[in-house]
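Asker: My questions all concern the structure below.
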Amino acid sequence: QRSRPVLKGESLDTFIEKGIVHPKCREIFRSDLSNPSSQPVSLYKHQSQSIHNLLISKANTIIATGTGSGKSFCFGIPVVSECLKMKKEGIKGVKAVFVYPMNALANSQYEDFSTRLAGTGLKIALYTGDTAYTEEEALKEFESVTGREKPFDSEIISRDMIVEQKPDILMTNYQMLELILTRFEDKDLFPIGQEDVFRFLVLDELHTYSGRRGADVAMLIRRLKWHTKSAGKLKCIGTSATIQSGEGNEPQQIMAEFAEKLFGEKFDKESIIGESY
């Protein structure tokens, strides 16, 4: 339960009417997943601020809000909207990578996103150590792993198909991302000569990347940017627990500096978005 009322933000319809968000997002990000004609989700202020930041200001962004505050919509709506626009332009390949510190987090968000993206023409894949190699293996295990009889048309479920078809959104963890950039057969996920396709890098639970692990991930991000030639063009997004309030803007400034070191990209303290009560 949320202990304090959080301010409502601009509606999803407002962003759609202004041409900022793709119209299909009205149905994709609906309030009741089991009902295709339900209303779009009602946005909190931190969610609409994130959409504004990523799609209008085009700024690297950190969403620092509490558990259950809908952080996945903060980056999910802008990313899916841009993927739909790129698909319309005929741009193929991996457009966004979501990195999770734990597979359990990735699994639950994957289930939500793959359900929402069913029937949209966009593809999503979860690439962890548990992902089956062949399509045959993946289909055999599918029901026991997901509880569903068959995959949605939005899902790519085997390693073979992930490399061959290249999902629009790739969910993974940093160990797997390391392997993708190391293994010859996986490097093709980001083919040389396809430089302007990869647009978004999301790190969930940003506060877990401190110390030695943080240094490893910072180097990994730099190699990923070098391989995809996306330095300075990539939109970098992090989610984190709520920042403790200190004097003035001090917590935002500290987090902005941390994010700059980790991603190797510019972060303004104004792009650290917290909850508004």
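Asker: I want to confirm something. Restricting to the stretch 160-208 and keeping residues that are without any contact (Cβ under 8 Å) to a residue 60 or more places away in the chain, open to solvent by less than 60 Å² (accessible area, probe 1.4 Å) and not β-branched (Val, Ile, Thr), which single residue is nearest to Cys83 (Cα to Cα)?
Answerer: By that ranking, first place goes to Glu195.
Asker: Which count do you get for residues in the stretch 209-225 that are part of a helix (DSSP H, G or I), open to solvent by less than 70 Å² (accessible area, probe 1.4 Å) and touching a residue at least 24 places away in the same chain (Cβ under 8 Å)? Outline the logic, then answer.
Answerer: Filtering the stretch 209-225 for residues part of a helix (DSSP H, G or I) gives 211-225.
Then keep just the ones that are open to solvent by less than 70 Å² (accessible area, probe 1.4 Å); that gives 211, 214-215, 217-218, 220-221, 224-225.
From what is left, the residues that are touching a residue at least 24 places away in the same chain (Cβ under 8 Å) are 214, 217-218, 220-221, 224-225.
Residues in the stretch 209-225 being part of a helix (DSSP H, G or I), open to solvent by less than 70 Å² (accessible area, probe 1.4 Å) and touching a residue at least 24 places away in the same chain (Cβ under 8 Å): 7 in total.
Asker: Based on what the data block shows, is Gln39 over 30 Å from Glu260 (Cβ atoms), open to solvent by 20 Å² or more (accessible area, probe 1.4 Å) and not small (Gly, Ala, Ser)?
Answerer: Values: over 30 Å from Glu260 (Cβ atoms): yes; open to solvent by 20 Å² or more (accessible area, probe 1.4 Å): yes; not small (Gly, Ala, Ser): yes.
Criteria met by Gln39.
Asker: Something else: Can you tell me which residue within the stretch 84-96, out of those that are out of contact with any Phe, Trp or Tyr (no Cβ under 7 Å at 6 or more places or on another chain) and more than 15 Å from Gln165 (Cβ to Cβ), is most open to solvent (accessible area, probe 1.4 Å)? Before you say what the answer is, go through the steps one by one.
Answerer: Going through the stretch 84-96, the residues out of contact with any Phe, Trp or Tyr (no Cβ under 7 Å at 6 or more places or on another chain) turn out to be 84-93.
The next check asks that each one be more than 15 Å from Gln165 (Cβ to Cβ); those that pass are 84-86, 88-90.
Details: Leu84: 8, Lys85: 61, Met86: 5, Lys88: 173, Glu89: 133, Gly90: 52 Å².
For the stretch 84-96, the residue satisfying everything is Lys88.
Asker: Among the candidates Leu117, Leu105, single out the residue that is open to solvent by less than 30 Å² (accessible area, probe 1.4 Å) and either within 19 Å of Ile237 (Cα to Cα) or of a type outside the set (Val, Ile, Thr) (or both). Show your work before the answer.
Answerer: Numbers: Leu105 fails: open to solvent by less than 30 Å² (accessible area, probe 1.4 Å).
Within the list Leu117, Leu105, the selection yields Leu117.
Asker: Name the single residue, out of those in the stretch 129-139 being surrounded by fewer than 16 Cβ atoms within 10 Å (Cβ to Cβ) and either part of a loop (DSSP other than H, G, I, E, B) or at pLDDT below 95 (or both), that is farthest from the chain's Cα centre (by Cα).
Answerer: By that ranking, first place goes to Thr134.
Asker: If I ask for residues that are in contact with a Leu (Cβ under 7 Å, 6 or more places away or on another chain) and surrounded by 20 or more Cβ atoms within 10 Å (Cβ to Cβ), which ones from the stretch 45-68 would you list?
Answerer: Let us first name the residues in the stretch 45-68 that are in contact with a Leu (Cβ under 7 Å, 6 or more places away or on another chain), namely 45, 61-62.
Passing the criteria: Thr61, Ile62.
Asker: Mind listing whichever residues of the stretch 62-85 are among the β-branched types (Val, Ile, Thr), assigned to a helix (DSSP H, G or I) and within 15 Å of Ser48 (Cβ to Cβ)?
Answerer: Quick first cut of the stretch 62-85, residues among the β-branched types (Val, Ile, Thr) only: 62-63, 65, 67, 77, 79-80.
Imposing the further condition that a residue be assigned to a helix (DSSP H, G or I) reduces the set to 77, 79-80.
Selection gives Ile77 alone.
Asker: Output yes when any residue across the stretch 252-263 is modelled with pLDDT of 90 or more, under 22 Å from Lys87 (Cβ atoms) and open to solvent by 70 Å² or more (accessible area, probe 1.4 Å), and no when none is. Steps first, answer last, please.
Answerer: In the first step, residues of the stretch 252-263 are kept if they are modelled with pLDDT of 90 or more; the result is 252-263.
Right, trim to under 22 Å from Lys87 (Cβ atoms) and you get none.
No: the stretch 252-263 contains no residue that is modelled with pLDDT of 90 or more, under 22 Å from Lys87 (Cβ atoms) and open to solvent by 70 Å² or more (accessible area, probe 1.4 Å).
Asker: Step by step: first the residues of the stretch 176-208, then only those that are assigned to a helix (DSSP H, G or I) and within 20 Å of Asn103 (Cα to Cα), then the one that is nearest to the chain's Cα centre (by Cα). Which residue is that? Break it down into steps so the answer makes sense when it comes.
Answerer: We begin by selecting, within the stretch 176-208, every residue assigned to a helix (DSSP H, G or I); these are 176-180, 187-189, 206-208.
Subsequent filtering for residues that are within 20 Å of Asn103 (Cα to Cα) retains 176-180, 206-208.
Details: Met176: 16, Leu177: 14, Glu178: 18, Leu179: 19, Ile180: 18, Leu206: 13, His207: 16, Thr208: 17 Å.
Here the answer is Leu206.
Asker: Return the only residue of Ser81, Ser72 being hydroxyl-bearing (Ser, Thr, Tyr) and open to solvent by 20 Å² or more (accessible area, probe 1.4 Å). Don't jump to the end; show me each part of the working.
Answerer: Details: Ser81 fails: open to solvent by 20 Å² or more (accessible area, probe 1.4 Å).
Going through Ser81, Ser72 in turn, the sole match is Ser72.
The values are calculated or read from the model by the stated rules, or taken from the named source; none is laboratory data. Every value quoted in this text rests on a predicted model; they were computed, and no experiment measured them. Neighbour counts run over all protein chains shown; Cβ positions are idealised from the backbone, glycine included. For accessibility, only protein heavy atoms count, side chains too; no ligands or nucleic acids. Shrake-Rupley method; radii C 1.70, N 1.55, O 1.52, S 1.80 Å.
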